[in-house]
Amino acid sequence: MKQLTHYDIKNKQQQFPITIVCDAIRTPENIGMCFRISESFGVQKIFLHESSPSIENRNVQRTARNTINQIEHETYNDFSQVIHQLKKEGNTIIGIEITDDSINIQNFNFNASKKIVLLLGSERNGIENVDLVDATVSIPMYGRNSSMNVIHSLSIALYETTNQLSVNKK
């Protein structure tokens, strides 16, 4: 068995109708990893709150590597306004959040939506206004801890979402 290098691997490059909205994420490394994981899963666009670390931040750039240049992104200052605009454009807003109405992520039908927004809450406070979302999904956890890093949650959500959307295209 031989371990493959980046030069040996040819990914099936594909883009999905997925947008990420980062609701006031404060940690530069989380912003950088958001770009990196989003690019890996074929996300179309990322929205960053103006209070989040800038893409010029050295830690954001180091963590994102070159993916900042590979994925469309925009900064916003009014959470409600950006969510209402995305809804007007035909997106289903799905919060990755534990609520009393959350659906286990593997039971959520991502194929029911033509365009998807995955909404990430801030590390400390979660989603600013959870009442604006169309649905919330949660990730089943089996340890004592009830939450995980926001980017780990995004990774799992993107895996499940793109897996469902890919199966539908076959």
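Taken together, the residues in segment 88-105 that are open to solvent by 20 Å² or more (accessible area, probe 1.4 Å) and either in contact (Cβ under 8 Å) with a residue 24 or more places away in the chain or part of a loop (DSSP other than H, G, I, E, B) (or both) amount to 12. Sub-7 Å Cβ pairs linking a first residue in segment 131-149 that is more than 30 Å from Lys88 (Cβ to Cβ) to a second residue that is modelled with pLDDT of 95 or more and part of a helix (DSSP H, G or I), at least 6 apart or interchain, number zero. The residues on offer are Asn11, Asn59, and the sole one that is assigned to a loop (DSSP other than H, G, I, E, B) and free of Cβ contacts under 8 Å to residues at least 40 places away in the same chain is Asn11. In this structure, Ile25 qualifies as more than 23 Å from Ser113 (Cα to Cα) and crowded, with 19+ Cβ neighbours inside 10 Å. With respect to the conditions (1) assigned to a strand (DSSP E or B); (2) in contact (Cβ under 8 Å) with a residue 40 or more places away in the chain, Glu74 falls short on a single one, namely (2). Could you grab me the full set of residues in segment 84-100 that are at pLDDT 95 or above, on the phi < 0 side of the Ramachandran plot and not hydrophobic (A, V, I, L, M, F, W, C)? Once the filter is applied, which keeps residues that are at pLDDT 95 or above, on the phi < 0 side of the Ramachandran plot and not hydrophobic (A, V, I, L, M, F, W, C), segment 84-100 yields His84, Gln85, Lys87, Lys88, Glu89, Asn91, Thr92, Gly95. For Ala157, the test of being open to solvent by less than 80 Å² (accessible area, probe 1.4 Å) and closer than 19 Å to Phe41 by Cα is passed. In segment 34-55, the residues that are in a strand (DSSP E or B) form no Cβ pair under 7 Å with any partner that is modelled with pLDDT under 95 and open to solvent by 40 Å² or more (accessible area, probe 1.4 Å), whether six or more places apart or across chains.
Scanning segment 110-156 for residues that are under 22 Å from Arg36 (Cβ atoms), outside any loop (DSSP other than H, G, I, E, B) and of a type in the set (A, V, I, L, M, F, W, C) yields Phe110, Ile116, Val117, Leu118, Leu119, Leu120, Val137, Val150, Ile151, Leu154, Ile156. Looking at Glu72, Glu128, can you tell me which residue is open to solvent by 50 Å² or more (accessible area, probe 1.4 Å), closer than 18 Å to Asp23 by Cα and under 14 Å from the mean Cα position of the chain (by Cα)? Of Glu72, Glu128, the one residue that is open to solvent by 50 Å² or more (accessible area, probe 1.4 Å), closer than 18 Å to Asp23 by Cα and under 14 Å from the mean Cα position of the chain (by Cα) is Glu72.
The values are calculated or read from the model by the stated rules, or taken from the named source; none is laboratory data. Only a predicted model underlies this, so the values are computations on that prediction, with no experimental measurement involved. All Cβ positions, glycine included, derive from the backbone under ideal geometry; neighbour counts span all protein chains shown. What goes into the accessible areas is simple: the full protein's heavy atoms, side chains included, and nothing from ligands, DNA or RNA. Shrake-Rupley method; radii C 1.70, N 1.55, O 1.52, S 1.80 Å.
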